[in-house]
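Peer 1: One structure, pasted below without further comment.
The values are calculated or read from the model by the stated rules, or taken from the named source; none is laboratory data. Just so you know, these numbers come straight off a predicted model, no measurement behind them. All Cβ positions, even for glycine, are placed from backbone atoms using ideal geometry, and neighbour counts span all protein chains on display.
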Amino acid sequence: MRTRRIHDVITPSLDFATTEADIHPMSLPPGFLDELRTRTSLSQVVGRKVMWDNRKSNQAKGDMWAPCPFHQEKTASFHVDDRKGFYYCFGCQAKGDAIGFIQQTENVSFIEAVEILASEAGVPMPERDPRAQEKADERTDLAKVTEAAVGWFRLQLKTTAAADARAYLARRGLDDAALDRFEIGFAPAGQDTAFQAMITKGFSADKIVAADIARKPDDGRAPYDAFRDRIMFPIRDARGRCIGFGGRAMAADAQAKYLNSRETDLFGKGRALYNHGPAREAAGKGQPLIVAEGYMDVIALVRAGFGATVAPLGTAITEDQLRLLWRITDEPIIALDGDTAGLRAAMRLIDLAMPLLESGKSLRFALLPEGQDPDDLIRAKGPDAMQTLLDQAQPMVNLLWRRETEGRVFDSPERRAALDKTLRTAITRIPDPSLKRHYGQALNDLRWQLFAPQRRTAGGGPRRRGFGEVPVAALAGTRASAIGSGTLSSSDLRVALILATLCQCPALIDQFDSKLDRLSPRDPDQARLLSLLQRTDARDRAAMELALETAHLTQTLENLLALGHVRIAPCIRTPDDLVKASQCLTEEFAKLSARRGIEHEMTEALQDLSDTEGDAHLSWRLNHAIHTRQQAEHPQAPGGADASEDTAALSRQLRDLIDGRVWEKKGR
């Protein structure tokens, strides 16, 4: 209720296209302030001046409350909407954005406030542009042309000439309500029909061409329509202005199936997102932000209940678009078609995102079944199938590993060394040292699973694997599940036991709910099961069985219960004893936390070694030696490491080796 009131109060009163130029004598180039706001977090700016009310605030949704810094009060009536970049006080009615807040609290001019924000955001100040006001007025004029074109295109969809377009849209399942909601229209096949219609409405030929409703030939002939015989999708910016169009050709032999507006003073396809404004609002209410590939995918997902869905405009995601996505939410889900082109797009996005990653800002990937897009999947299996796919979305590190290993054989030291070098090079592009270490740890874990030095024979005894026996790495369906591959670590087994226990004793979910986020299972099946436990209301065995069956996770639980480490646990053998189950879960969470603390310490130590100019492979050899020692000392333990191993002693020994720099003494 309050969010709506803030939007109603603030949004109509803030027209940055006009007020900014009026406030200061020095004019700024078009787009600069929008970029500055995109790179600035209002809650961080305001947070330096206020104490947040943690009971009332929701940081995950960018919904922050505090006592107002502009008047004396004890209650938290000052609200910051971090996603929209506005603040409003319900007590004194102060309102504005980050620039206005700095002006008021620092007692500086508009341009000084801009300079402060630019410095903090790492954005260089542009040169003076005395024509900025003129350009702002021109963008306003262009927006009037595009808005008039939206209405005209919508009227054309109702004409006889648009019969084939209406039939196509009906086959895609779009009813009149959907056509109205997304303002879908039609551009007739005439040479200059739209151009003449805009002339009739009083717009000049130059403005119509500048808005790319029409285009002017180089030979001086009369302008012709930019879009002909196409279904029209208006593209609006975050403020709701129509800045351009996307058009789908009706003719099968058209040169381009989809055509976007050209670059104009108002529109840049690499700096905009389809459905940006509505998606931002839906994400602010808690929906996950989904990035689909095209207009029809967005429409299908929104109509299926996934309102926070956007799409780039016919090209690969750009750096500007990625920053826009992170401005909306910390972890967008990239939903790409499961074909070769979709996978290539995912891999390109990894390269773009790596240098921009920071703590809390990342991507997850939901790859659709091959040959299907979101519209196909929803029409065939319904919204639940799409939700299941989103629940299984993989972290970016998994896609990086898949890219570098899928379909390749690592049957020689040289090939393994090449893989090491490629992975090291990839993560060196991450600027955050802590995040870089966590990526290194995750890749080390995946590498260990692939190159584990021992495996069980058919008779159950351990034997060493030679180079010639290394299998093809990470083919589709191969090693996709740690359970299926038999390479579960001791941490994985603890996670498996916790999940199985909670499925058997759902009455304990509320008691341990706050700790579930710490599990972070690497196995995709376990990740789906964890997501179900966090979402379900089932608190008895019968309700849980139904929830598992509905989510198609019954087999996943059976796989967990078949693990020896899980099967013999007292809490599993006597699931009706909730006291025993609670004690078991408390112990397992504690051991898991301790284990991961040791692993983190080791990873940091190994990272220190890898940064030295000595032996470039020393960190891998130490890591290899540690795992070999664990397996040699506990050959019968599940996952190659006994639960009671002296990890503290092992950590101290590794630290002594590092502090003593024994490798240098050995080389003398």
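Peer 1: Please find, within region 184-200, the residue that is farthest from G240 (Cα to Cα) out of those that are surrounded by fewer than 17 Cβ atoms within 10 Å (Cβ to Cβ) and touching a Phe, Trp or Tyr at 6+ places or on another chain (Cβ under 8 Å).
Peer 2: The extreme case among them is Q191.
Peer 1: Of the residues D141, D137, D176, which is farther than 27 Å from E35 by Cβ and out of contact with any Cys (no Cβ under 9 Å at 6 or more places or on another chain)?
Peer 2: Just a single option satisfies the conditions, and that option is D176.
Peer 1: Among the helices (runs of 4 or more DSSP H) lying completely within region 282-357, list those that include at least 2 residues that are more than 19 Å from M396 (Cα to Cα).
Peer 2: 295-303
Peer 1: Pairs under 6 Å by beta carbon, first residue on the phi < 0 side of the Ramachandran plot and modelled with pLDDT under 85 in region 356-379, partner assigned to a helix (DSSP H, G or I) and surrounded by fewer than 21 Cβ atoms within 10 Å (Cβ to Cβ), six or more apart or different chains?
Peer 2: Note: pairs meeting the criteria are S359/L435.
Peer 1: Which is of a type in the set (A, V, I, L, M, F, W, C), assigned by TED's automatic domain parsing to the domain that holds D175 and surrounded by fewer than 22 Cβ atoms within 10 Å (Cβ to Cβ), of A256, A308, A283, A272?
Peer 2: A256 is the lone residue from the list that is of a type in the set (A, V, I, L, M, F, W, C), assigned by TED's automatic domain parsing to the domain that holds D175 and surrounded by fewer than 22 Cβ atoms within 10 Å (Cβ to Cβ).
Peer 1: Does region 194-202 contain at least one residue that is among the aliphatic types (A, V, I, L, M), over 27 Å from I378 (Cα atoms) and free of Cβ contacts under 8 Å to residues at least 12 places away in the same chain?
Peer 2: Within region 194-202, one or more residues are among the aliphatic types (A, V, I, L, M), over 27 Å from I378 (Cα atoms) and free of Cβ contacts under 8 Å to residues at least 12 places away in the same chain.
Peer 1: Here is a further query. For region 134-160, what are the residues that are farther than 18 Å from F245 by Cβ and surrounded by 16 or more Cβ atoms within 10 Å (Cβ to Cβ)?
Peer 2: Correct list: K135, A136, E138.
Peer 1: Give the residue that is nearest to A178 (Cα to Cα), with candidates limited to residues of region 217-236 that are more than 42 Å from the chain's Cα centre (by Cα) and among the acidic types (D, E).
Peer 2: Among residues in region 217-236 that are more than 42 Å from the chain's Cα centre (by Cα) and among the acidic types (D, E), the one nearest to A178 (Cα to Cα) is D218.
Peer 1: Would you be able to say whether some residue in region 374-391 is more than 24 Å from L532 (Cα to Cα) and in a strand (DSSP E or B)?
Peer 2: no
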